[in-house]
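J.: Take this structure first; my questions come after.
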């Protein structure tokens, strides 16, 4: 499967649970890495009859670490509105920032093998989380979007 097929399968045809091998395949994550993360307690999975199983939301957590929300939304297209919370919809904004901040984000992005947009987005997710309690009371759907795909 290519990236587009993987994303569409996971988000548009969710199963109740997946084996570790299925999650590795669907998210294009090395099996050894996923096994190690489960063994180290870094991934939520449950052993059922000797086989590690992931709930759909836990498979999506792996996917959202593998691909940016931009990639996921681009692949899903109009279907994104049916599977993602409304406040996860992407919106383009233009901001003016000091050059040193831009260069810092470029360096972080290069080191992490990602884009400037993704590096900035990861930092802003942290910011959003620090204000969760306050903002969930004033912005309907904020908590659902912030915690996606987890429980509200």
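J.: Residue 111 is checked against (1) assigned to a helix (DSSP H, G or I); (2) under 17 Å from the mean Cα position of the chain (by Cα) and fails just one. What number does that condition carry?
T.: Going through (1) assigned to a helix (DSSP H, G or I); (2) under 17 Å from the mean Cα position of the chain (by Cα) one by one, residue 111 breaks only (2).
J.: While we're on this one: Run residue 81 past the list (1) in contact with a helix residue (DSSP H, G or I) (Cβ under 9 Å, 6 or more places away or on another chain); (2) surrounded by fewer than 18 Cβ atoms within 10 Å (Cβ to Cβ) and report the number of the one that doesn't hold.
T.: Condition not satisfied by residue 81: (1).
J.: Hey, can you tell me all the residues within the range 115-132 that are assigned to a loop (DSSP other than H, G, I, E, B) and touching a helix residue (DSSP H, G or I) at 6+ places or on another chain (Cβ under 8 Å)?
T.: The one that is assigned to a loop (DSSP other than H, G, I, E, B) and touching a helix residue (DSSP H, G or I) at 6+ places or on another chain (Cβ under 8 Å): 115.
J.: Taking the condition of being at pLDDT 95 or above and over 16 Å from residue 93 (Cβ atoms), how many residues in the range 105-118 meet it?
T.: Looking only at that region, the number is 6.
J.: Does any residue in the range 28-44 that is in the same structural domain as residue 54 (by TED's automatic domain parsing) come within less than 6 Å, Cβ to Cβ, of a residue that is surrounded by 10 or more Cβ atoms within 10 Å (Cβ to Cβ) and in a loop (DSSP other than H, G, I, E, B) six or more places away or on a different chain, and which pairs are these?
T.: 37/43; 38/45
J.: Of (1) over 15 Å from the mean Cα position of the chain (by Cα); (2) exposed (fewer than 15 other Cβ atoms within 10 Å of the Cβ); (3) touching a residue at least 12 places away in the same chain (Cβ under 8 Å), residue 140 satisfies all except one. Which?
T.: The one condition residue 140 does not meet is (3).
J.: Go through 14, 30 for me and flag whichever is surrounded by fewer than 12 Cβ atoms within 10 Å (Cβ to Cβ) and at pLDDT 95 or above.
T.: When all the criteria are applied, what remains is 30.
J.: Answer with yes or no whether residue 135 is in a helix (DSSP H, G or I) and within 22 Å of residue 80 (Cβ to Cβ).
T.: No.
J.: Moving on to the next point. Of the residues 70, 23, 108, 38, which is within 17 Å of residue 11 (Cβ to Cβ), in contact with a helix residue (DSSP H, G or I) (Cβ under 9 Å, 6 or more places away or on another chain) and surrounded by 15 or more Cβ atoms within 10 Å (Cβ to Cβ)?
T.: Just one listed residue meets the conditions, 23.
The values are calculated or read from the model by the stated rules, or taken from the named source; none is laboratory data. If you're wondering where the values come from, they're calculated on a predicted model, not measured in any experiment. Note that we place each Cβ from the backbone using ideal geometry, even for glycine, and neighbour counts take in every protein chain shown.
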